[in-house]
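Written below as structure tokens is the structure these notes are about.
The values are calculated or read from the model by the stated rules, or taken from the named source; none is laboratory data. Remember, predicted model here, so these are calculated numbers, not experimental data. With ideal geometry, Cβ positions are generated from the backbone for all residues, glycine too; neighbour counts draw on all protein chains shown.
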Amino acid sequence: MKYDIFSVGDNVADYYRSEKRVYAGGGAYNVAVMAGRMGKKTAYFGTFGTDENAKFLFDNLKKSRVAYPLTDIKKGRNAVSIVENKNGESIINGVDKGVYKKLDINDAQLKIIANSEIVHTTAYSYFEDYIKKLRFKTKISFDFSYIRKKEYLKELLRRVNFAFFSEAKESENEEEFLKWASEQGAEVVILTRGKNEVLMKYDGKLVKKRVPEVEVVDDLGTGDAFIAGFLSSSLEEKSYEECLDTAVKTAAKYCQVKGSLGVSKPAEKEIILFQDVHADK
């Protein structure tokens, strides 16, 4: 089967401690569900555990009609994060990746993934080594998040079509960074900056787009919504400016939703992180 968007990578159970609720999330997972809601034929591949959170996330894929032609289920805890919402801003206080350590994908599985218009992945998905095998077989979308390590970026930017970046944690000349990233080979490079205007670089052209003003309920997952909107629009042969317009509107819509997707369940018990990856930073 041919898919519009095949999303590969992280799925996470986001635990809002103050509410005692678990929300469905994870960058790659979110994009698959969100683009599916926009009418695209989407598929998802990532590693699930065997606990109740894993079942919740997997069941939501079914309800969302996201295909899962490949499955990787490992005995143990699913990836989980602890989230605190402060006036609409969601703060990640810790992450336990659980069984999600590494993706093992053989050539037959990669062929299934490649049978799509766009393959989307993230910097937290352990998919980098497979991207070079997909070059020229499909378009590749990559969410680099806050990463600015030049060696890492150089290796990947020459192989991806759509490169998405979040605002850097340290000050930078953003237009210079976009120019540099574009020169590495990516077809389109986009930098989102929270409530500030979005910057896009393609064909030597710099585009700036204002973000709609909305009441922010929860900003978790809005970057994924932006990506889902942009990629979905690109499949409709829209100009990149039109894709950008759809992207900011989609992100604004999801800012008004609790959790990344608005899908949650009561937590059966208090969630404790056994291996907090944030503690190592």
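Anything in region 21-34 that is under 16 Å from residue 125 (Cβ atoms), in contact with a strand residue (DSSP E or B) (Cβ under 7 Å, 6 or more places away or on another chain) and either of a type outside the set (Val, Ile, Thr) or in a loop (DSSP other than H, G, I, E, B) (or both)? List them, or say none.
Selection gives 25, 26, 27, 28, 29, 32.
For region 193-238, what are the residues that are in contact (Cβ under 8 Å) with a residue 12 or more places away in the chain, assigned to a strand (DSSP E or B) and charged (D, E, K, R)?
Those that are in contact (Cβ under 8 Å) with a residue 12 or more places away in the chain, assigned to a strand (DSSP E or B) and charged (D, E, K, R): 193, 197, 201, 209.
So that you can scan it fast, the table gives a plain yes or no per residue for (1) at pLDDT below 95; (2) under 21 Å from residue 139 (Cα atoms); (3) surrounded by 15 or more Cβ atoms within 10 Å (Cβ to Cβ); (4) acidic (Asp, Glu):
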| residue | (1), (2), (3), (4) |
| --- | --- |
| 193 | yes, no, no, no |
| 220 | no, no, yes, no |
| 226 | no, yes, yes, no |
| 231 | no, yes, yes, no |
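Residue by residue through region 64-88, note down the ones that are within 23 Å of residue 7 (Cα to Cα), within 20 Å of the chain's Cα centre (by Cα) and touching a residue at least 40 places away in the same chain (Cβ under 8 Å).
67, 69, 70, 78, 79, 80, 81
Could you check how many residues of region 40-89 are surrounded by fewer than 17 Cβ atoms within 10 Å (Cβ to Cβ), of a type in the set (Val, Ile, Thr) and in contact with a helix residue (DSSP H, G or I) (Cβ under 8 Å, 6 or more places away or on another chain)?
Counting residues in region 40-89 that are surrounded by fewer than 17 Cβ atoms within 10 Å (Cβ to Cβ), of a type in the set (Val, Ile, Thr) and in contact with a helix residue (DSSP H, G or I) (Cβ under 8 Å, 6 or more places away or on another chain) gives 1.
Conditions tested, residue by residue: (1) part of a helix (DSSP H, G or I); (2) modelled with pLDDT of 95 or more; (3) hydroxyl-bearing (Ser, Thr, Tyr); (4) touching a helix residue (DSSP H, G or I) at 6+ places or on another chain (Cβ under 6 Å).
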| residue | (1), (2), (3), (4) |
| --- | --- |
| 95 | no, yes, no, yes |
| 109 | yes, yes, no, no |
| 117 | no, yes, no, no |
| 131 | yes, yes, no, no |
| 144 | no, yes, no, no |
| 147 | no, yes, no, no |
| 153 | yes, yes, no, no |
| 168 | no, no, no, no |
| 177 | yes, yes, no, no |
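What are the residues in region 58-87 that are part of a loop (DSSP other than H, G, I, E, B), modelled with pLDDT of 95 or more and within 30 Å of residue 252 (Cα to Cα), if any?
Those that are part of a loop (DSSP other than H, G, I, E, B), modelled with pLDDT of 95 or more and within 30 Å of residue 252 (Cα to Cα): 64, 65, 66, 68, 78, 79.
Each row is one residue, and each column tells you yes or no for (1) of a type in the set (D, E, K, R); (2) closer than 20 Å to residue 222 by Cβ; (3) modelled with pLDDT of 95 or more.
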site	(1), (2), (3)
245	yes, yes, yes
250	no, yes, yes
257	no, yes, yes
261	no, yes, yes
271	no, no, no
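Looking at region 242-262 only, could you name the residues that are of a type outside the set (Val, Ile, Thr) and assigned to a loop (DSSP other than H, G, I, E, B)?
Once the filter is applied, which keeps residues that are of a type outside the set (Val, Ile, Thr) and assigned to a loop (DSSP other than H, G, I, E, B), region 242-262 yields 255, 256, 258, 259, 260, 261, 262.
Is it the case that region 109-120 has a residue that's closer than 23 Å to residue 91 by Cα and either in contact with a His (Cβ under 7 Å, 6 or more places away or on another chain) or of a type in the set (Asp, Glu) (or both)?
Scanning region 109-120, I find no residue that is closer than 23 Å to residue 91 by Cα and either in contact with a His (Cβ under 7 Å, 6 or more places away or on another chain) or of a type in the set (Asp, Glu) (or both), so the answer is no.
Looking only at region 224-249, which residues are under 17 Å from residue 36 (Cβ atoms) and over 14 Å from the mean Cα position of the chain (by Cα)?
Within region 224-249, 233, 234, 235, 236, 246 meet the criteria.
Return the residue satisfying two criteria in turn: it lies in region 146-170 and is small (Gly, Ala, Ser) and in contact (Cβ under 8 Å) with a residue 24 or more places away in the chain, and of such residues it is surrounded by the most Cβ atoms within 10 Å (Cβ to Cβ).
163
Which residues, taken from region 233-256, are farther than 21 Å from residue 174 by Cα and surrounded by fewer than 18 Cβ atoms within 10 Å (Cβ to Cβ)?
Once the filter is applied, which keeps residues that are farther than 21 Å from residue 174 by Cα and surrounded by fewer than 18 Cβ atoms within 10 Å (Cβ to Cβ), region 233-256 yields 236, 237, 238, 239, 242, 249, 253, 256.
Consider residue 102 against the criteria (1) surrounded by fewer than 17 Cβ atoms within 10 Å (Cβ to Cβ); (2) modelled with pLDDT under 95; (3) in contact with a strand residue (DSSP E or B) (Cβ under 7 Å, 6 or more places away or on another chain): it satisfies all of them except one. Which criterion is unmet?
It fails just one condition, (3).
Name the pairs whose Cβ atoms lie under 6 Å apart, with the first residue in region 171-182 and over 14 Å from residue 149 (Cα atoms), the second of a type outside the set (Val, Ile, Thr) and loosely packed, with under 12 Cβ neighbours inside 10 Å, and 6 or more positions between them or separate chains?
Close Cβ pairs (under 6 Å, with a partner that is of a type outside the set (Val, Ile, Thr) and loosely packed, with under 12 Cβ neighbours inside 10 Å) do not exist here.
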